[in-house]
Structures are given as structure tokens and as C-alpha cells.
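First up is the structure itself, then whatever we jot down about it.
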Amino acid sequence: MGDYAEFLNERLKNFVHTMQEFYYFSTRTFKSFKATRRYWNEILNQMSICGTESIPIIFVSSLAIGCLLTVEVGNQLEGFGAKLLTGRTTALSVIREMGPIVTGLMLSARVGARNGAELGAMQISEQIDALRAFGTDPIARLVMPRLFAALVMFFPLTALSDFVGLVGGGIVAQIYHHIDPGFYWNSALNQLIVKDFVVGAVKPFVFAVIITLVSCFNGFSAQGGTAGVGRSTIKGIVVSSGLVLVANFYISKLVLENMNF
Amino acid sequence: MIEFKDVHLYYSGREVLKEISMHIPDGKITAILGPSGSGKSTIIRLMLGLIQPTYGEIFVDGIEISKFSEEELFPIRKKMGIVFQGNALFDSMTVSENMGFFLRENLNLPEHEIARRVDEQLKFAGLETHAHQLPDSLSGGMRKRVAIGRALIFEPEMILFDEPTAGLDPVSSNKILAFIGQLKKEKGLGAVMVTHIINDVFSIADDVLILYHGEIIFHDEPNKMQECDHPFVQSFLLDPEEL
Ligand SMILES: Nc1ncnc2c1ncn2[C@@H]1O[C@H](COP(=O)(O)OP(=O)(O)OP(=O)(O)O)[C@@H](O)[C@H]1O
Ligand SMILES: [Mg+2]
């Protein structure tokens, strides 16, 4: 019994310690935005890696989700004789929830894995210490450009995901549910209001911060050889996808409850 | 000049360094000898402020650095070049980018001046023909020379070597040792050399410091080692392979 209490105590202490470190890591990352000009090339490079190269996966997954969503929603609405509301329902779910979530989860896997593995390998081969020893702040050089790039690129990727999802939905609506495209798009877009866009637009920025900081922090904390890199990469992805889902819920709740236009 | 006063270091509750007090002079080659896991690399990391001691004080040229922030440590680190145990070359950069790294990051030099100094260093290390290769495509000895070149390029006052000969064949390792000796003779460059190979110590070190389970059990000239009566020193003088 005493052993178990001790074990819990140890775990709790470690957790608090990690949270402290994470807080310190995050503030240092935001402070290093002043080095933006110095690492501009690195930022461009990261933008191409996390932005441009993520397009195919976002495209495919959003298309699939948009199509499936429309099939299901149309089938359900048909039962109530309300099939013509398919466009509206699809648009709301895609712009508020599915677009941001699909993008967030895909990127937390793709970008998170890359950050965790790359920085973890640099950590265990002492390259991060070498940066420090040679007078370079590893956070400004490695983490800040990744965060900057994510903040710039996640929003357009989400917009792309919304668009592809809606188009996919439109195609399915026409072929499968025989809804006239004009009607689909009208019902989809006409009744959207500002807060629907706000919900969809805030999320990618929050996700960018969560995914980048969590995965980079885990990379920096890797220890114990190649297996350690694996562990810290997994941890980065699991924690950041979990946080993406939680944050998604609260952003929707906060914005939809508090905005009235 | 580097000085440790009563330095203790704990890793997750385990005392890795116990009461380390020592004094490393400029312009000499000081070897730190000890078995694997005795805390040699840890000492090197403390000297650069890469980690902080649990308690105790560390002085570099009379300045106490153990509580310094990263920014405050920068001028200290500029005085010391380091060659890591596994080289720690930046594997996404070419040999010449690795060598010029410090210059490009920290000094506001024009690009042609950086190129000139890098070329000079490449020639010095005998790596001209490999300038545009990635470190992964080089042999162990070459990688070591890149790491040394990267540490020398900004003309530090002292250079720290963590196991410079580990994993090298005898020819390469003699070359590296001769090179460290030559740096001292020609440029008066002091060095701290971590090793577990006794021959390295006899061939170039002025002073040797023996670390055993996190404690310093001997600190004097190499040829005084015979007189040391610590059982560990005695046993490995008889059988150096034991380390
Ligand atoms: N980050 C760390 N966390 C926990 N323990 C560590 C850490 N780094 C080193 N240690 C422990 O500290 C002790 C000293 O390690 P150090 O790397 O200084 O040894 P060393 O003398 O350089 O050994 P080697 O000859 O194998 O390089 C070892 O027992 C090691 O397990
Ligand atoms: Mg070591």
C-alpha cells in the first residue's frame, strides 16, 4: 500500500515537473519569434514540408469524409422527407467540425511524427547539445520555424479540406441522392453565418500551436537510443491528437455558445 | 582555466559525480581517464554549462557559470571548442556547412570570408575533396576530423575532446593524438581529453585525472601513476584492458 502511494507520488512529481518544463519550452519558443528574420530560409523550408507536401493526404482524407458524410446524412434525412437539407447539414458539419478535425488529426500524425522523430534523433546523437555548445539556441533554430510554418500553413490546409469535403459531398449528393447541384450549393452556402466560419478558422491556429509544441517538446526529451526516439514520437502523436480533439470540442462550445451572429 | 569546487551531480536520485574539486590550467593537455559510466562525459558537459550541477561551483576563467542562463553562457562557450563522443555532426549539412556553422551563426562575417576560413580548415584537416559530402558518407576518422575542424574554426582558447580516439583504428587514432599535441605546441591550445585508453594518456597528456565511480582518485602527472596506491589504479596499470 505504502509502495503504491509512493509510486503515485513519484508519477505526480514527474508530471508536474514535465508540465513546468513544457511551459518553459513554450514561452521560449514564442520569445524566439524575434529571430524570424535570421531563420527565414529555415521557415520557408518548413512551410514547404508541412504545408505543400501535406496537400495530398489532406485532399484524399477530406474527400473521403465529405462523400461518406453526405451519403449518411442524406439517408437519414430522407427518412424525414428532408433530403433537400443535405447540403446545409453537410456544409455545417464540414466547416465547423470535419474539416478542422480531419486536418488536425492528419497533421498531428504527419507533422507530429516528423518533428518527433527528427528532433528525437538529433537529441540522442547530441546534435542539439552541439547547437547549444556552438552558441545557437536550438529552440529558435529548430522549433520556432516549425511553429511559424504551422501557423501559416494550417489555415489554408483546413480551408482546402473544407472545400474538398464540400465538393465531394456535392458530387455524392448528385449521383447518389439525385439532388440538383444548384440546390445543394444553395442550401449549403446560403445559410452559413459568421460564427460558423469563426469556429472553423480559429481551430487551425490552435492546432498548429498544440501539434508543433507537443511534438517538438517530445523530440527534445527523447532519451535512451533509437527505442527512445520511437517512444517519444508515439507520445508526441498520441498526446497531440488527444489535445486536438479536446481543444476542438471546447472551441466549438465556446464560440457557438457565445457568438450570436 | 577551469575550476570545479565541490561539484555534486545527481541523475534521478543517483549520485553520478561526488564532490569533484579540480583545477585545469590553460595551455596544457589534461586527460580525464576512467571506466565507462564513471562520469567523464558528464564532466565535459558541466564545463560548457550544457547541464547544471546539483550543487557546487564551476569557474571558467574565474567566472562562476553553474547558474548561468543560455544567453549568459554564450561568451563562455565561445572560449571552448568541443568534440563530442559521437561527433554530433549536423547530419543534414555538408562537411563544409558543418565546419562553417559557428562562423555563419554567430559572427557577422561576409560569405566570402566564411568560405575562405572554411577552405583553410578543410585543407588543414585534409578534407578538401569531401567538402560537399554529407557526414554520413565519410569514414569514422574523417568524421572525427570534421568535428575537430568545426571546433577549431573559431579559434577557441581551450578544446574539449570526449573520447577522441574511441572506435578508430590505431593509425587514425595516432594521427588524431599527434594532431592534438601539435595544436598545443604550435598554438598553445590547451585541451581536456576524456579517454579510457591508457596509451593516449602516456603519449600526450601533461596531467591526468582519474575518475572512478564519480570520484577523482588521482590528479597528477602521468608518470606519477605508479606511485598511486589506490587499488583501481594499481590493477589497471597491470592490466589496462580491464577498463
Ligand atoms: N541524461 C541522463 N540521465 C540519467 N543518467 C545519466 C544521464 N546521462 C548520464 N547518465 C548516467 O551517468 C553516469 C555517467 O555517465 P557518463 O556519460 O558521464 O559516463 P562516461 O564516463 O562518459 O561513460 P562512457 O565511457 O561510456 O562514455 C552513467 O552511469 C550514466 O548512466
Ligand atoms: Mg562518455
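The values are calculated or read from the model by the stated rules, or taken from the named source; none is laboratory data. Small disclaimer: the values here were computed from a predicted structure and weren't measured. Ideal geometry is used to build each Cβ from the backbone, glycine not excepted, and the neighbour counts take in all protein chains shown. Accessible surface areas use protein heavy atoms only, side chains included; no ligands, DNA or RNA. Shrake-Rupley method; radii C 1.70, N 1.55, O 1.52, S 1.80 Å.
If you filter the stretch B:49-106 down to residues that are within 16 Å of ligand 1 (Cβ to nearest atom) and polar (S, T, N, Q), you find that the one that is least open to solvent (accessible area, probe 1.4 Å) is B:Asn87. Restricting the stretch B:10-28 to residues that are out of contact with any Leu (no Cβ under 9 Å at 6 or more places or on another chain) and in a strand (DSSP E or B) leaves a set whose member that is farthest from ligand 1 (Cβ to nearest atom) is B:His23.
Checked against the criterion of being of a type in the set (Gly, Ala, Ser) and exposed (fewer than 15 other Cβ atoms within 10 Å of the Cβ), the candidates B:Ser38, B:Ser21 yield just one match: B:Ser21.
Listed conditions (1) open to solvent by less than 10 Å² (accessible area, probe 1.4 Å); (2) within 16 Å of ligand 2 (Cβ to nearest atom); (3) of a type in the set (A, V, I, L, M) are all met by B:Val16, apart from (1).
Among helices (runs of 4 or more DSSP H) entirely within the stretch A:123-211, having at least 2 residues that are in contact with a Cys (Cβ under 7 Å, 6 or more places away or on another chain) and over 30 Å from A:Glu257 (Cα atoms) singles out A:144-175.
As for the stretch B:162-170, it holds no residue that is β-branched (Val, Ile, Thr) and touching a Phe, Trp or Tyr at 6+ places or on another chain (Cβ under 6 Å). When B:Asp6 is tested against (1) within 15 Å of ligand 1 (Cβ to nearest atom); (2) touching a strand residue (DSSP E or B) at 6+ places or on another chain (Cβ under 7 Å), only condition (1) is not met.
For (1) open to solvent by 70 Å² or more (accessible area, probe 1.4 Å); (2) within 16 Å of ligand 2 (Cβ to nearest atom); (3) over 19 Å from B:Ile82 (Cα atoms), each residue gets a yes or a no:
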site: B:Ala166; (1), (2), (3): no, yes, no
site: B:Lys187; (1), (2), (3): yes, no, no
site: B:Val192; (1), (2), (3): no, yes, no
site: B:Asn199; (1), (2), (3): yes, no, yes
site: B:Ser235; (1), (2), (3): no, no, yes
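If the condition is being within 16 Å of ligand 2 (Cβ to nearest atom), open to solvent by less than 20 Å² (accessible area, probe 1.4 Å) and touching a Phe, Trp or Tyr at 6+ places or on another chain (Cβ under 9 Å), then the stretch B:24-35 contributes B:Leu33, B:Gly34. Which members of the stretch B:79-98 meet the condition of being within 11 Å of another protein chain (Cβ to nearest Cβ) and not in a loop (DSSP other than H, G, I, E, B)? Correct list: B:Met80, B:Gly81, B:Ile82, B:Val83, B:Phe84, B:Asn87, B:Asn98. Quick one: which of B:Ile114, B:Ile44, B:Ile58, B:Ile29 is over 17 Å from A:Pro138 (Cα atoms) and within 12 Å of chain A (Cβ to nearest Cβ)? Just one listed residue meets the conditions, B:Ile44. All but one of (1) open to solvent by 50 Å² or more (accessible area, probe 1.4 Å); (2) more than 16 Å from ligand 1 (Cβ to nearest atom); (3) in contact (Cβ under 8 Å) with a residue 60 or more places away in the chain hold for A:Ser187; which doesn't? Among (1) open to solvent by 50 Å² or more (accessible area, probe 1.4 Å); (2) more than 16 Å from ligand 1 (Cβ to nearest atom); (3) in contact (Cβ under 8 Å) with a residue 60 or more places away in the chain, A:Ser187 violates only (1).
Comparison of A:Val73, A:Val60 shows that the only residue that is of a type in the set (A, V, I, L, M) and open to solvent by less than 30 Å² (accessible area, probe 1.4 Å) is A:Val73. Candidates in the stretch A:1-15 are the residues that are of a type in the set (A, V, I, L, M) and surrounded by fewer than 10 Cβ atoms within 10 Å (Cβ to Cβ); of these, the one that is farthest from A:Phe217 (Cα to Cα) is A:Met1.
Regarding the stretch A:31-48, can at least one residue be identified that is closer than 30 Å to A:Ser93 by Cβ, out of contact with any His (no Cβ under 7 Å at 6 or more places or on another chain) and assigned to a helix (DSSP H, G or I)?
Yes, there is a match, as at least one residue in the stretch A:31-48 is closer than 30 Å to A:Ser93 by Cβ, out of contact with any His (no Cβ under 7 Å at 6 or more places or on another chain) and assigned to a helix (DSSP H, G or I).
Kindly establish whether A:Ser32 is within 19 Å of the chain's Cα centre (by Cα) and open to solvent by less than 30 Å² (accessible area, probe 1.4 Å). Taking the combined requirement at face value, the residue does not satisfy it. Restricting attention to the stretch A:181-188, does a residue exist that is in contact with a helix residue (DSSP H, G or I) (Cβ under 6 Å, 6 or more places away or on another chain), farther than 20 Å from A:Val206 by Cα and not small (Gly, Ala, Ser)? Taking every residue of the stretch A:181-188 in turn, at least one turns out to be in contact with a helix residue (DSSP H, G or I) (Cβ under 6 Å, 6 or more places away or on another chain), farther than 20 Å from A:Val206 by Cα and not small (Gly, Ala, Ser).
Among the candidates A:Pro138, A:Pro100, the residue that is within 14 Å of another protein chain (Cβ to nearest Cβ), touching a Phe, Trp or Tyr at 6+ places or on another chain (Cβ under 8 Å) and touching a residue at least 60 places away in the same chain (Cβ under 8 Å) is uniquely A:Pro138. Selection over the stretch B:149-164 of residues that are away from ligand 2 (no atom under 15 Å from the Cβ) and crowded, with 22+ Cβ neighbours inside 10 Å gives a count of 6.
Exactly one residue among B:Phe68, B:Phe124, B:Phe102 is under 27 Å from B:Ile24 (Cβ atoms), in a helix (DSSP H, G or I) and within 13 Å of another protein chain (Cβ to nearest Cβ), and that residue is B:Phe102.
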